[in-house]
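Encoded as structure tokens, the structure appears first; notes follow it.
The values are calculated or read from the model by the stated rules, or taken from the named source; none is laboratory data. Computed from a predicted model, the values in this text were never measured in an experiment. Here the Cβ positions follow ideal geometry from the backbone for every residue, glycine too, while neighbour counts run over all protein chains shown. These accessible areas exclude ligands, DNA and RNA; they are computed on the full protein's heavy atoms, side chains included. Shrake-Rupley method; radii C 1.70, N 1.55, O 1.52, S 1.80 Å.
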Amino acid sequence: FQRRNLKLFEIGKSFIGGGEGQLPSEPRLLTIALTGAEVASSTVADGRGLDLFDAKAAIESVAATLGIVTPEFRLSNAKHLTIGRSADIYVDGVFAGTVGRLKDEIASNYKFKRDVFVGEILLDVLLAATPEAVVYKPLPRFPGVSRDVTFGVDRNFEYSSLANAATTDDSLFDGSKL
């Protein structure tokens, strides 16, 4: 069984040789890889093929999640990427990584049948540009539920008392519309 449509990411260290007599550097990287086609959840057939803009959008999404203003993309000459279909990534004027289409010579060694788009982002550069700490809260234990509720009330019942009751206890309601 082979998957044709993939979107992968990994966070880890890369080991880059430092030259003779020097220790290698070990930058933390966020790496992405995309290949195949976009598949809508409502269809079985493949949609349009993934491209450089999908990889770029993934990187912009990570940056937005961290509160970083849109990174800058400049033409890249990275040896492993196709010139004209790749970009260097800069955050606040600092080089943060590359994104682009894998060169045909490399892709053919692995027998990829479709274009492969990869990105490597220096995680420490992204985190240094984050304006404030990102705080996550745990997912709720029970999934949210939306319900329509009908109340039978006396003619003399005041709407404001129902509205106050529905908005008073925040632990039970995320929100209400009356």
Filter pass, residue 90 being surrounded by fewer than 14 Cβ atoms within 10 Å (Cβ to Cβ) and more than 21 Å from residue 13 (Cβ to Cβ): no
Inspect segment 36-52 for any residue being within 25 Å of residue 15 (Cα to Cα) and within 21 Å of the chain's Cα centre (by Cα) and give the result as yes or no. no
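Just the residues that are within 21 Å of residue 3 (Cα to Cα) and without any contact (Cβ under 8 Å) to a residue 60 or more places away in the chain, please, taken from segment 104-143. Break it down into steps so the answer makes sense when it comes.
Going residue by residue through segment 104-143, those that are within 21 Å of residue 3 (Cα to Cα) are 104, 106-119.
Of everything in segment 104-143, those that are within 21 Å of residue 3 (Cα to Cα) and without any contact (Cβ under 8 Å) to a residue 60 or more places away in the chain turn out to be 104, 106, 107, 108, 109, 110, 111.
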Considering only residues that are at positive phi and open to solvent by 60 Å² or more (accessible area, probe 1.4 Å), which ones fall in segment 93-123? 111
Test residue 44 against the stated conditions and say whether it is exposed (fewer than 13 other Cβ atoms within 10 Å of the Cβ), modelled with pLDDT under 90 and closer than 18 Å to residue 130 by Cβ. no
Six or more apart or on different chains, Cβ atoms under 6 Å: show the pairs whose first residue is in segment 70-87 and more than 18 Å from residue 121 (Cβ to Cβ) and whose second is part of a strand (DSSP E or B). 82/101
Criterion: open to solvent by less than 100 Å² (accessible area, probe 1.4 Å), farther than 30 Å from residue 49 by Cα, of a type in the set (Ser, Thr, Tyr) and modelled with pLDDT under 90 - qualifying residue of 130, 168, 150: 130
In segment 57-67, which residue that is open to solvent by 30 Å² or more (accessible area, probe 1.4 Å) and in contact (Cβ under 8 Å) with a residue 60 or more places away in the chain is farthest from the chain's Cα centre (by Cα)? 67
